[in-house]
Amino acid sequence: MNTQQCLSCGASEGMVHFEGRGETLSVKGMERRVDHLSGWECQKCGEIELDEVCGQRYSDACDELVIASRKMIGNEMKKIRRKLHLTQKETVQLLSGGGHNAFSRYERGEVLPPKPLILLMRLLERYPHLLTDVKTFGEGADLRGFEHIVHKEHESLSVS
């Protein structure tokens, strides 16, 4: 049996060589399988070190998956923005407070939007009537006298 010392836990013969293993990577609900991996695994602490070529294939697959997930979320953001009949500029002014090109980079999948922005966009897609409230809040109006509005489409939640 081919063994070597584990650099993580120090076990003198803890690392055992393996070949032919497959791993499934997962990012934002998307998956990619990487097969025919080889490397070393510590029998004591579970640390895995992939061989150089396999490590590069694994790393490339991770990068591709991250890029694909950014594009998927970017397409979703564009779809929601268009459904709400907003321009990129209006969306940035109302929702994100980012620079003028920020939303364009989100939609192209170059940058992952902040999680609160993704959640807000998804909520507005589900409850588009709330866009009126967002615009009111966003205008910087004096909200001291703001009354809770119950929209006809939805009832208020009550806590018992």
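The values are calculated or read from the model by the stated rules, or taken from the named source; none is laboratory data. None of the values given here were measured: they were computed from a predicted structure. Neighbour counts are summed over all protein chains in view; Cβ atoms, including those assigned to glycine, are modelled from backbone coordinates with ideal geometry.
Quick check on my filter: what residues within region 38-53 are of a type outside the set (S, T, N, Q) and either under 30 Å from residue 74 (Cα atoms) or part of a loop (DSSP other than H, G, I, E, B) (or both)?
44, 45, 46, 47, 51
Do any helices (runs of 4 or more DSSP H) lying entirely in region 88-160 carry at least 2 residues that are within 23 Å of the chain's Cα centre (by Cα), among the acidic types (Asp, Glu) and modelled with pLDDT of 85 or more, and which ones are they?
Because the criterion is at least 2 residues that are within 23 Å of the chain's Cα centre (by Cα), among the acidic types (Asp, Glu) and modelled with pLDDT of 85 or more, no helices (runs of 4 or more DSSP H) in region 88-160 meet it.
Across region 1-24, what is the number of residues that are closer than 30 Å to residue 113 by Cα and touching a Phe, Trp or Tyr at 6+ places or on another chain (Cβ under 8 Å)?
Total meeting the criteria: 1.
So which pairs qualify, if the first residue must be in region 123-149 and loosely packed, with under 11 Cβ neighbours inside 10 Å, the second must be modelled with pLDDT under 90 and assigned to a loop (DSSP other than H, G, I, E, B), the Cβ gap must be under 8 Å, and the two must be at least 6 apart or on different chains?
Listed pairs, sorted by first residue: 148/156.
Suppose the filter is surrounded by 14 or more Cβ atoms within 10 Å (Cβ to Cβ), β-branched (Val, Ile, Thr) and either touching a Leu at 6+ places or on another chain (Cβ under 8 Å) or assigned to a loop (DSSP other than H, G, I, E, B) (or both); does residue 16 pass it?
no
So, in region 19-37, of the ones that are among the small types (Gly, Ala, Ser), assigned to a strand (DSSP E or B) and closer than 30 Å to residue 70 by Cβ, which residue ends up farthest from the chain's Cα centre (by Cα)?
Ranking the qualifying residues of region 19-37, first place goes to 22.
Go through region 1-10 and give me each residue that's surrounded by 15 or more Cβ atoms within 10 Å (Cβ to Cβ) and at pLDDT 90 or above.
6
Please go through region 94-109 and pick out each residue that is under 22 Å from residue 133 (Cβ atoms) and either crowded, with 17+ Cβ neighbours inside 10 Å or among the aromatic types (Phe, Trp, Tyr) (or both).
Residues satisfying the conditions are 94, 95, 96, 98, 103.
Could you give every pair whose Cβ atoms fall below 7 Å, whose first residue belongs to region 67-87 and is touching a residue at least 12 places away in the same chain (Cβ under 8 Å) and among the small types (Gly, Ala, Ser), and whose second residue is assigned to a loop (DSSP other than H, G, I, E, B) and loosely packed, with under 15 Cβ neighbours inside 10 Å, counting only separations of at least 6 or pairs across chains?
That search, which allows pairs on different chains as well, returns 69/28.
Tell me the residue from 43, 56 that is modelled with pLDDT under 95, among the polar types (S, T, N, Q) and under 23 Å from residue 10 (Cβ atoms), please.
43
What number goes with the only condition from (1) in a helix (DSSP H, G or I); (2) surrounded by 14 or more Cβ atoms within 10 Å (Cβ to Cβ); (3) out of contact with any strand residue (DSSP E or B) (no Cβ under 7 Å at 6 or more places or on another chain) that residue 57 does not pass?
Evaluating residue 57 over (1) in a helix (DSSP H, G or I); (2) surrounded by 14 or more Cβ atoms within 10 Å (Cβ to Cβ); (3) out of contact with any strand residue (DSSP E or B) (no Cβ under 7 Å at 6 or more places or on another chain) leaves (3) as the failure.
Select from region 31-42 the residues that are of a type outside the set (Ser, Thr, Tyr) and surrounded by 14 or more Cβ atoms within 10 Å (Cβ to Cβ) and write down the one among them that is farthest from residue 1 (Cα to Cα).
Selected residue: 32.
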